[in-house]
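Down below is the structure, laid out as structure tokens.
The values are calculated or read from the model by the stated rules, or taken from the named source; none is laboratory data. Predicted model only: the values in this text are computed from it and were never measured. Cβ coordinates were reconstructed from backbone atoms using ideal geometry, including for glycine residues, and neighbour counts include every protein chain displayed. For the accessible areas, the whole protein counts, side chains as well, though only heavy atoms, and no ligand, DNA or RNA atoms are used. Shrake-Rupley method; radii C 1.70, N 1.55, O 1.52, S 1.80 Å.
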Amino acid sequence: MKLINVFPRFTLDMNEARDLGSIPAKYLRSMKLGYDEDATTLAVNAFLELKELYPGELEEIVLGIGSCEFNLGVFLQATALDETKVVVVNDGELSGITAMEKSFESQIPFIVVDSPSSEDVLVDAVLSSAAVAGWFEEHDSYRTGRAEGTKYSRPRYSSGVFTPSEEAVLLRKLKKYTGEVTVLVSYDVRAKSRINSVVHSVQCDLGFTGAVLPVLELSNPEINSGTPVRIVGSDAKVTLHSDFLGDVDVIYQNTPRNYPLSKYLLRRSLSPHDDPGRTPQGAYISTPVYLSESASRYRLEAVICPNCSSSFFPPRPRCKRCGGKTRPWKDLSRQATVYSITNILKGASPTEFDVLQRLEGEYLVAIVELENGSRVITQITDADIQDIDIGDPVKMVFRKIYNQDNMERYGYKFVKL
Amino acid sequence: MSKVAVLAAGQTPFGTHNGKTMKDLFVEAMESALNSVDYSVDLTRIKEAFIGNLGAGGSQLGNPAALLMEHVGLHGVSARRVENACASSGFAFRDAVAAIKNGADLALAGGVEIMNDLPSPHQRYWLGVSGDTEWERTAGATFAGIYALIARRHMYEYGTPREALAMCAVKNHKNAVDNPVAQFRKAVSMERVLAAPTVAHPLGLFDCCPTSDGASVVILASEEYAKKVTDDPIWVMGSGAASDHLAIHDRDSLTTFSATRKAVREALDSAALSIEDIDFAEVHDCFTIAELLAIEDLGFFEKGKASDAILEGETSRDGVIPINTSGGLKAKGHPLGATGTGQIVELFKQLSGKAGKRQLPDVELGLAHNVGGSGATCTVHILGR
């Protein structure tokens, strides 16, 4: 039984397995949210990983959905949960906690997703760290205290802001268990918030008219020299006050690319695939058609010719070799090999992908060869053109593809192994 | 079996014709065709008309053929639009050949396309609809991307150098300097081609043909009719055509167009010729890699060996096998529906000694190779004296 904790934008950056009594914990590093990711894609990918870890064994999972947009229909179609029962927990910003509790009770794996909003994510992240560090197990009062309306009660969490002393208490307890202080930073352009604590202060003056990247100031006198401070995730610019004496280990600092402000605002206010009605959507595929093709758009379900045993992906009604009538066969392995690769720059994109090309500069298109020899055209994501070569092994992941009829269309892409 | 002749062939300049309609361009092309020869052609004998066209300029998707007929003095003629993406007028020509063989005295094959009188997103609408919409387009690829994937694979399989592709652009631009109807009539250097911005790696700006407006018209005749007006007709020696999987990932190989191989096989067989008999060719170089693939698939060079030949100048105007003396799609231009019969125009000019400064000495057999999209359709025609 493993824990896969999926939080966008930041990482629970503890690489060793931790033994939470009967539940061994393993942490997957999650990436900064890419333009083609959202809560739905993260959940699907988490499930695909779980499925590979426990082939045929997953009877039940808990799916905790935070206060975010989540397409449960797409999740179910993309995961094709034939043998696995999924218990959906939707408890607002407490979804993570509730899902984890349920999981601990029933000893089944959980997936938790949420989307970045400054306070909520901070709350969940901090508490999740606490949970996986075993803090919950030893502090029942924490849970009951919540129900009884003590200072850790639900309304408090709803506002998402800790008083400095509460936060200090929590973080002190964390430090006791992990031996280090984990500071998680995230922000959301829609939120206007200022989070302060004795340990850290994050200045986020955000809004559509003006935005600054958050500045993380470490000024806690409680962190003594020698205490490792690990800052994970997100786009914080770290400045250290002169009176800070601790050791800082910055895992993740700054956006990888120098985003001009206008581009950042455009990216956050528009879906990358959004181009509201201005360009003709040539070569139209209707929504019912797209949704009916989930077996070959969300998954790699191949067909087979019963006559000559040739298999094909994408599916085709008639066998290429002998013309026989094919039937659905199985999902092909997610592993594939790059057969050819290119990048799409200005002028080379179909209109539906124009905005994406403009925002990202380029995206990668490849033909990959699948386990049965079939090839399919697809995108390679999370990579640059110079990082990929013919023959490289790649793996299928679930991502957003484009937007049509005001609906996000999902599908598979591949990432470098 | 009676032969089919090409009686007249003409075209508008290819390029940007802002403010002109499809009708205007087609009328111009018709005039150019009728003025391409000394004898007069009795238009009343035209029995069938085949007009290649993809997007009708975004304005007349339905019934464009009838509209064009009435404006070139062919009101009432049996006419239809033929569409196979960039191979539209190649197939129009093939259908016109069949119409002659079916008993018509005269048939018209032509094409017209308006691309530059449109805003850029509309343009890319046309360019994005001829690949496999369901798979290739939803993966974010239009032709630049698809041909780039082909180029990358060809380089991987055969060690094709980037310079071989660039040389096709250099050569074709040089050829087009002497072509009054070409879109670009300035030579470009190898350095400039190699330094051009990338469109889809490894293809850069100069590896891609332009978008163009233009029209072309060819008039075909039966042997009997042709011999009435001229002693020295240009004959259609052979015709071949084929199709292939639309999505390139469904093909066994990315680096060969099986439709080209099948079409050239049929064309040569029907003419009782071999590829070595061909003196010059107009091939479908929508991207530089496409020219390289074409001269291999047609059989001028072995698979993987075209790069050396190109770099050594064997396909230049004074080379062993001149390819795209007109400037090709790259420099002459590529108004999608008009390109196929535009190639026939070049063949006609060369074979009748009317190619001006581009004239090849003593040519007897020319080949036109027209491809739809990324190889889903193809026609090959052989003309000769």
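What the table shows:
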quantity: Among residues of the stretch A:71-103, those that are in a helix (DSSP H, G or I) and modelled with pLDDT under 75, counted; calculated: 9
quantity: Subset tally (residues that are open to solvent by 10 Å² or more (accessible area, probe 1.4 Å) and in contact with a Lys or Arg (Cβ under 9 Å, 6 or more places away or on another chain)) for the stretch B:258-285; calculated: 1
quantity: Residues (under 22 Å from A:ILE388 (Cα atoms), assigned to a helix (DSSP H, G or I) and in contact (Cβ under 8 Å) with a residue 40 or more places away in the chain) located in the stretch A:339-359; calculated: A:PHE353, A:LEU356, A:LEU359
quantity: Test result for B:LYS228, among the basic types (Lys, Arg) and open to solvent by less than 60 Å² (accessible area, probe 1.4 Å); calculated: no
quantity: One residue from B:GLU28, B:GLU48 being buried (at least 19 other Cβ atoms within 10 Å of the Cβ), among the acidic types (Asp, Glu) and under 19 Å from B:GLU223 (Cα atoms); calculated: B:GLU48
quantity: Of residues in the stretch A:311-338 being in a strand (DSSP E or B) and either of a type in the set (Val, Ile, Thr) or within 7 Å of chain B (Cβ to nearest Cβ) (or both), the one nearest to B:HIS201 (Cα to Cα); calculated: A:VAL338
quantity: The stretch A:279-299 residues that are under 17 Å from B:ALA141 (Cα atoms), paired with ones that are modelled with pLDDT of 85 or more (beta carbon under 6 Å, 6 or more apart); calculated: A:ALA283/B:THR133; A:ALA283/B:ARG137; A:ARG297/A:GLY411
quantity: Qualifying residue in the stretch B:189-212 (condition: in a loop (DSSP other than H, G, I, E, B) and closer than 19 Å to B:LYS349 by Cα); calculated: no
quantity: Criterion violated by B:CYS208 - all others in (1) in contact with a Pro (Cβ under 9 Å, 6 or more places away or on another chain); (2) open to solvent by 10 Å² or more (accessible area, probe 1.4 Å); (3) within 14 Å of chain A (Cβ to nearest Cβ); (4) among the hydrophobic types (A, V, I, L, M, F, W, C) satisfied; calculated: (1)
quantity: The stretch B:299-320, residues that are out of contact with any Pro (no Cβ under 7 Å at 6 or more places or on another chain) and either outside any loop (DSSP other than H, G, I, E, B) or among the acidic types (Asp, Glu) (or both); calculated: B:GLU302, B:ALA306, B:ASP308, B:ALA309, B:ILE310, B:LEU311, B:GLU312, B:GLU314, B:ASP318
quantity: Flag for A:GLU52 being at pLDDT 80 or above, farther than 30 Å from A:ARG358 by Cβ and either open to solvent by less than 10 Å² (accessible area, probe 1.4 Å) or touching a Lys or Arg at 6+ places or on another chain (Cβ under 7 Å) (or both); calculated: no
quantity: Yes/no for B:ARG153 being within 13 Å of chain A (Cβ to nearest Cβ) and either of a type in the set (Val, Ile, Thr) or part of a helix (DSSP H, G or I) (or both); calculated: yes
quantity: Condition met for B:GLU191 (under 30 Å from B:GLU48 (Cα atoms), more than 17 Å from the chain's Cα centre (by Cα) and either more than 12 Å from chain A (Cβ to nearest Cβ) or open to solvent by less than 30 Å² (accessible area, probe 1.4 Å) (or both)); calculated: no
quantity: Total residues in the stretch A:345-357, condition within 23 Å of the chain's Cα centre (by Cα) and more than 7 Å from chain B (Cβ to nearest Cβ); calculated: 3
quantity: Residues of the stretch B:259-298 that turn out to be in a strand (DSSP E or B) and among the small types (Gly, Ala, Ser), as a count; calculated: 1
quantity: Where B:THR160 falls short, out of the listed (1) at pLDDT 95 or above; (2) part of a loop (DSSP other than H, G, I, E, B); (3) away from every other protein chain (no Cβ under 14 Å); calculated: (3)
quantity: Pairs where the first residue, in the stretch A:396-409, is acidic (Asp, Glu) and the second is assigned to a strand (DSSP E or B) and open to solvent by 10 Å² or more (accessible area, probe 1.4 Å), C-beta under 6 Å, 6+ apart; calculated: A:GLU408/A:LYS400
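Yes/no matrix, rows are residues, columns are (1) surrounded by fewer than 18 Cβ atoms within 10 Å (Cβ to Cβ); (2) closer than 22 Å to B:HIS284 by Cβ; (3) within 13 Å of chain A (Cβ to nearest Cβ):
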{"residue": "B:THR44", "(1), (2), (3)": "yes, no, no"}
{"residue": "B:VAL72", "(1), (2), (3)": "no, no, no"}
{"residue": "B:HIS75", "(1), (2), (3)": "yes, no, no"}
{"residue": "B:ARG81", "(1), (2), (3)": "no, yes, no"}
{"residue": "B:CYS86", "(1), (2), (3)": "no, yes, no"}
{"residue": "B:ASN116", "(1), (2), (3)": "no, yes, no"}
{"residue": "B:THR133", "(1), (2), (3)": "yes, yes, yes"}
{"residue": "B:GLU136", "(1), (2), (3)": "no, yes, yes"}
